[in-house]
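Right, one structure below, let's go through it.
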Amino acid sequence: MSQPKRAPGGFPVVGVVGGGQLARMMQGPAVELGIQLTVLAETDTAAAALVVPSSPVGEHTDLDTVLAFARECDVVTFDHEHVPAHVLEALEDDGVTIHPTRAALHFAQDKLAMRERLSGLGIACPRWARATTAEEVTAFGDEIGWPVIAKTPRGGYDGKGVALAGSADDLADWIARIGEPGPLEGGLLLEEKVDFVRELAVLIARSPSGQAAAWPVVETVQTDGICTEVLAPAPGLDPHLASVATEAGLRIAGELGVTGVLAVEMFEVRGGSGEAAYVVNELAMRPHNSGHWSMDGAVTGQFEQHLRAVLDLPLGDPRPRAPWTVMANVLGGDLPEHEELYSAYRHIMARDPGAKVHVYGKGVRPGRKIGHVNVSATDLGAARERAGHAADYLRGVITE
C-alpha cells in the first residue's frame, strides 16, 4: 500500500475510510489547512480517489487492509458509518487514533442503541419499541396507532431500511429475517408515525478536548426519503426552539463522546399546548448533507471544521456569511447514465455567477446524489429560486 507523502513542518496526515463525496469534499479544506489527506477508496474511480493523490484501494470490511492504511496516518476518520465494529476495535487496540471513536459510532451504527441511549438521557424522541415477533409489532401498533414506522437498526440511509406498516403482515419479510446476521440481527425498531410540521437539522462539531461549535438550525426538505433542499437558517423558527434544539445537539455530542461533525436530524412538532417542540429522528457522525450549505454560506464550513475537530485544532467560526443560504441537491434520476454535465455546469456559471456548484465526480444513477448547488442571498425566495433553477438545469429538468 503506497504511503502518503508528508508535508514539511510536521503537518499531520488524516486518513479517511471510504472514498465517497464526503471524503472528496475534505480535500479542498485539507489543502488550505496544510494537512495531508489520504483516502481508503472502494475503487480507483471513487469520488474522492479522483481528487486525492493518495487513495489506495481497499475494502472497509477487510481488517488487514484497514490496519495497514491506518498505520500511515496520524488520525483516521470516516466517510460513512459502515465500518464493522470488530475493525474499529482492532484499530483502537493497535493504538490508532480514530474520530469518532468506536464507542460513539456505535450509536450511529445501531438505531436501537441510539434510541435507548437518547431516551435514557431524556432527549425527546418518537415513541418507539424493539420488536422481534409479529405479535410484538401488532401490540405496538395497537397501542400507539397505525400506521407505524419500521426501521432496520443497521445499514439504512436516504430512505433505505425504512418502511411504513399498516399491520404486522406488511413487515413479514423483515420479521422472517430477525436474528440472522445483518441489519435485523437484533430485531426491528418500531416508531410512531410523527405528525410533524417540518424537518430540521442541528449540526455540531466537537473536538477531543471538548470544545464544541454549532451552526444555525436548518430546515431540510425531503423527497422520497432523500434530502433535496436545505434552508439555512430554518425560516420562521421559534427562537426558543432554535435554542433548545441546539442545546440538545450539544448535549448529545457531549454525552455520546462524539468527535468530529455530528448531524442531529429532528422533526419540528407541536407540543401539548401548541408550542413548537422537537423530537430527534436520526444521528450521523460525519459531515452531512444538511451541512453542505456551510461550504459557501458559513465562515467555517463543515468539512474544514471536521478536520479541525478530529485533529483537536481550535474550532472555526460557524456563523453564516449571509442572511440566507440555500442548498439544492442534484440527483441523477432525470439524466441518461453517461450524460455530459460540463456544458450545463458552464451555463449555470454564466447565468448566475453567485451560484456555487459542487459536483462529486460520480456516475449517474436514479436517485443518486451527483452534486449540489449553494446560493447565498439577502432574500430567501430569490435564493431558493436560483438554487433550484441551477439544480434543475444540471438534472436536465429544464433546458434554459
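The values are calculated or read from the model by the stated rules, or taken from the named source; none is laboratory data. Quick caveat, the model's predicted, so the values are computed rather than measured. Counting neighbours? That spans all protein chains shown, and the Cβs are built from the backbone with ideal geometry, glycine included.
Among the candidates Glu304, Glu268, the residue that is acidic (Asp, Glu), touching a residue at least 12 places away in the same chain (Cβ under 8 Å) and not in a helix (DSSP H, G or I) is uniquely Glu268. Within the stretch 247-265, the residues that satisfy the criterion of being more than 12 Å from Leu203 (Cβ to Cβ) and part of a loop (DSSP other than H, G, I, E, B) are Gly257, Thr259.
Residues to consider are Gly187, Gly179; find the one that is small (Gly, Ala, Ser), surrounded by fewer than 16 Cβ atoms within 10 Å (Cβ to Cβ) and over 23 Å from Pro287 (Cβ atoms).
Values: Gly187 fails: surrounded by fewer than 16 Cβ atoms within 10 Å (Cβ to Cβ).
Unique residue meeting the criteria: Gly179.
Taking every residue in the stretch 286-301 that is part of a helix (DSSP H, G or I) and pairing it with any residue that is among the β-branched types (Val, Ile, Thr) and surrounded by 24 or more Cβ atoms within 10 Å (Cβ to Cβ), at least 6 positions away or on another chain, the pairs with Cβ-Cβ distances below 6 Å are Ser290/Val218; Ser290/Val230; Gly297/Thr325.
I'd like the residue in the stretch 361-391 that is surrounded by fewer than 21 Cβ atoms within 10 Å (Cβ to Cβ) and in contact (Cβ under 8 Å) with a residue 60 or more places away in the chain and, out of all such residues, is nearest to Met25 (Cα to Cα).
Of all residues in the stretch 361-391, those surrounded by fewer than 21 Cβ atoms within 10 Å (Cβ to Cβ) come to 361-369, 377-382, 384-385, 388-389.
Filter once more, keeping what is in contact (Cβ under 8 Å) with a residue 60 or more places away in the chain: 361-362, 367, 369, 380, 384, 388.
Details: Gly361: 11, Lys362: 13, Gly367: 20, Lys369: 14, Leu380: 26, Arg384: 23, Gly388: 21 Å.
The residue in question is Gly361.
Given Ala234, Ala201, which one is in contact (Cβ under 8 Å) with a residue 60 or more places away in the chain and either touching a strand residue (DSSP E or B) at 6+ places or on another chain (Cβ under 9 Å) or in a loop (DSSP other than H, G, I, E, B) (or both)?
Working: Ala234 fails: in contact (Cβ under 8 Å) with a residue 60 or more places away in the chain.
Exactly one residue qualifies, and that residue is Ala201.
Set side by side, the residues Glu275, Glu255, Glu282 differ, and just one is more than 21 Å from Val16 (Cβ to Cβ) and either at pLDDT below 95 or touching a Lys or Arg at 6+ places or on another chain (Cβ under 6 Å) (or both), which is Glu275. Looking across the stretch 64-86, the residues that are crowded, with 16+ Cβ neighbours inside 10 Å and part of a helix (DSSP H, G or I) come down to Thr65, Val66, Phe69, Ala70.
From the list Ala48, Ala68, which residue is touching an Asp or Glu at 6+ places or on another chain (Cβ under 9 Å), at pLDDT 95 or above, not assigned by TED's automatic domain parsing to the domain that holds Ile370 and not basic (Lys, Arg)?
Working: Ala68 fails: touching an Asp or Glu at 6+ places or on another chain (Cβ under 9 Å).
Result: Ala48 is the single residue among Ala48, Ala68 that is touching an Asp or Glu at 6+ places or on another chain (Cβ under 9 Å), at pLDDT 95 or above, not assigned by TED's automatic domain parsing to the domain that holds Ile370 and not basic (Lys, Arg).
For the stretch 14-44, filtered to residues that are over 21 Å from the mean Cα position of the chain (by Cα) and in contact (Cβ under 8 Å) with a residue 60 or more places away in the chain, the residue that is surrounded by the fewest Cβ atoms within 10 Å (Cβ to Cβ) is Glu32.
Number of residues in the stretch 1-20 that are among the hydrophobic types (A, V, I, L, M, F, W, C) and assigned to a loop (DSSP other than H, G, I, E, B): the value is 3.
Suppose we filter the stretch 103-121 for residues that are outside any loop (DSSP other than H, G, I, E, B) and either touching a Gly at 6+ places or on another chain (Cβ under 9 Å) or assigned by TED's automatic domain parsing to the domain that holds Ser207 (or both); how many remain? So that I can check it myself, show each step before the final result.
Start the filter on the stretch 103-121 by keeping residues that are outside any loop (DSSP other than H, G, I, E, B), which leaves 103-109, 111-121.
Within this subset, residues satisfying the condition of being either touching a Gly at 6+ places or on another chain (Cβ under 9 Å) or assigned by TED's automatic domain parsing to the domain that holds Ser207 (or both) are 103-104, 109, 111-113.
Qualifying residue count for the region: 6.
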